[in-house]
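Below: one structure, written as structure tokens.
Computed from the coordinates by the stated procedures, all read-outs in this text should not be read as laboratory data. Keep in mind the model is a prediction, meaning the values are calculated, not measured. Reconstructed Cβ throughout: ideal geometry from the backbone, glycine too, with neighbour counts over all protein chains shown.
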Amino acid sequence: MINEVDWKRYNNLGFHAPFYKKNNQNYLFSHAYNDFINSECNLDLTAVSQLVNFNYILNDRTILQGVKKSPFLGNFNPKKNIFEFDKILFEAKNEDAIKIAKTLYKKLQVEMLSYISTKKNIGILLSGGMDSRIVLGILNSLIKENKTAKNIQIKAFTWGVKDSRDVIYAKKIADKYNINLAHFEVDEELFNKNIEYVLNNGLEFTPIHLHAMLKIANDKDVDCIIAGSYGDSIGRSQYSGKKISNLISHTDRLKNTGKLINPKVYSKTIKDSINDIEIYKKAFLQKEKIQNIELEYQIHYMRKMLNPALMSIQKKIPLYQMFASQEVYTYMWQFSPSARRQDIYLELFKLLDNKLLEIPYAKTGLIYGNNTGTTDNHKKENHIYTKQIKLYYKNYIEKKLLQSNFVDYGIMNKSLIKVAIKGMHYFNPKKNIFYEDKLLWFAILAEFLKKNKINVNTTKNSVNISSIFEYIVRKNIMN
């Protein structure tokens, strides 16, 4: 509903940021993207280009011009009619992993308590990874110390191919703690619902990123759900499995990935995209290059893809992200990326429960901390999304992209569409999900444009910089 937004957790990295539109001098906020759609809306071609390039839309852009996402760490002050921002300061301290782990342990306990309060039925997103184990371990430690409600019940949720490491390890972890585990596979019916959700919620990501979240959102047994998706980035300085030291700026990643965008259209969006990256960099400028790059991935990737996907659960069940409280991330950002390493997790497990380390790490099939050894025979991949898109949606993609007027808009590289669709049968299913994933998203975009009568103008795409950031830079919030 318009303007009904709770800003209490605005400085939490997992904050479910609302959309907004500025009408004259008034800000209109809503978590429902459809509240802002009308026949006067224009497609933002820069947003289209960015999603194809990065899998998410940069800055505060959305798929429609003039409709934005509330800014990173921005708290709206209705009396002043402006956003106010918290400061961020990275440091480069080096500290012993044991000392970091002891302090982090206490801060994670405080964070967990702030989320669960007196709730008695707690849900956890559990995988075969390490972050969700930390979440379970922290919750279990609080129960042992009698700091939670009495007779607390835990229910774990996981998804994916049933004989994959993630699912098998999640079950073993749940069995160790004698907790109920609900497992969901993404079948055609659920995939259809994921497509429908993307269509009706702003096309902020592709359907494969929803996994089984819509199924979990319908659970009636839990009062809240706790996730650990920020553990990799805050706890171990990793993003999508890559150390920060191996990441590059989004500016250096800009390209017409897969050549799917019409080259003439793409060329008009480059300046806008660079602006989107640089304006946030200037607003939260840090001393070291690596620190600025990490902030980029928090601002553009975690905030604009991970959080919106998890919003699918939040719409029905309160969902909280561990490692995301201001007390936790400001503490961890004191340390250099080289200090935020796997040793901290190893020390955390000593404080929590070492039996959590008895089950291998899903990414490697080895005991966490080991780089060599014999892995198990379980599947590493926990999904078959490429195969499913080919099997279920090839006709849908052809219909939306070739048998409608979408192709006449000139957004896509017309000469490549037929080749890409035909080539879906030949792409390696393990390594080339890009084309299937993006062709499906374009098909959803075509349906979105037609359904909502959105205006498309490929002859120009004006730079759309929010006055909010002019305010940030002008006030120089880092001083």
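Length gained on full extension, Asp408 to Asn200: 72.5 nm, using 0.36 nm per residue less the C-alpha separation. Annotation for the range 279-334 versus the range 107-150: alpha-carbon center distance of 21 Å. Relative to the 2.2 N^0.38 Å rule of thumb, the chain has a C-alpha radius of gyration ratio of 0.97.
Cross-link partners for Lys379 among the aspartates and glutamates, with Cα-Cα distance under 12 Å and sequence neighbours closer than 8 places in the same chain left out: Asp163, Asp166. What angle, in degrees between 0 and 90 and rounded to the nearest 10, separates the Cα long axis of helix 414-423 from the longest principal axis of the Cα atoms of the chain? Taking Cα atoms only, the helix is inclined about 50 degrees.
Counting only aspartates and glutamates at least 8 places from Lys144 when in the same chain, those with an alpha carbon closer than 13 Å to its own are Asp353. Within the range 275-336, the proportion of Cα pairs with more than 18 Å between them is 47 percent.
Amide H contacts for Phe335 (H built 1.01 Å from N in the peptide plane; partners 5 or more residues away or on another chain; cut-off under 5 Å): Glu91, Lys93. When peptides 305-314, 6-15 are sorted by average Cβ neighbour count within 10 Å, with the highest value leading, the order is 305-314, 6-15. All other residues whose Cβ lies under 13 angstrom from that of Ile317 are scored, Lys and Arg at +1 and Asp and Glu at -1, for a net of +3. Only beta bridges with both residues in the chain are counted; by DSSP, about 45 percent of them are antiparallel. Taking amide hydrogens as placed 1.01 Å from N in the peptide plane, the amide H of Asn121 sits under 5 Å from those of Gln153, Asp223, each at least 5 positions away in sequence or on another chain. Applying the Karplus relation 6.51 cos²θ - 1.76 cosθ + 1.60 with θ = phi - 60° to the range 296-305 yields 3J(HN,Hα) values of 3, 6, 6, 6, 9, 8, 4, 6, 9, 10 Hz, where x marks Gly and Pro.
At 222 nm, what helix-only mean residue ellipticity would the chain give, in deg cm²/dmol to the nearest 500, using -39500 (n - 2.57) for each DSSP H run of four or more?
Taking each H run of at least 4 residues, the total per residue is -12500 deg cm²/dmol.
Extension gain for Ser114-Lys79 works out to 9.8 nm (0.36 nm per residue, less the C-alpha to C-alpha distance).
Mind checking the angle between helix 433-452 and the chain's longest principal axis? C-alpha axes, 0 to 90 degrees, to the nearest 10. Its long axis makes an angle of about 60 degrees. Per-residue 3J(HN,Hα) values for the range 264-271, derived from phi via the Karplus relation 6.51 cos²θ - 1.76 cosθ + 1.60 with θ = phi - 60°, read 5, 5, 4, 4, 6, 9, 4, 4 Hz in sequence order (x marks Gly and Pro).
Pairs exceeding a 23 Å alpha-carbon distance, out of Lys193/Lys418; Lys8/Lys69; Lys418/Lys438; Lys387/Lys418; Lys106/Lys355: Lys193/Lys418. Each peptide in 319-330, 264-275 receives the mean, over its residues, of other Cβ atoms within 10 Å, and ordering these scores from highest gives 319-330, 264-275.
Cβ neighbours within 10 Å, averaged per peptide: list 91-99, 197-205 in order, most packed at the top. If you can, show how the numbers build up before the last one.
On the way: 91-99: 13.0, 197-205: 20.4.
Descending mean neighbour count gives 197-205, 91-99.
3J(HN,Hα) along the range 184-191: 10, 9, 8, 9, 4, 4, 5, 4 Hz, from the Karplus curve 6.51 cos²θ - 1.76 cosθ + 1.60 with θ = phi - 60°, whole Hz, x for Gly and Pro. You can think of it this way: the chain between Val456 and Asn218 has 82.1 nm of extra reach, that is 0.36 nm per residue less the Cα-Cα gap.
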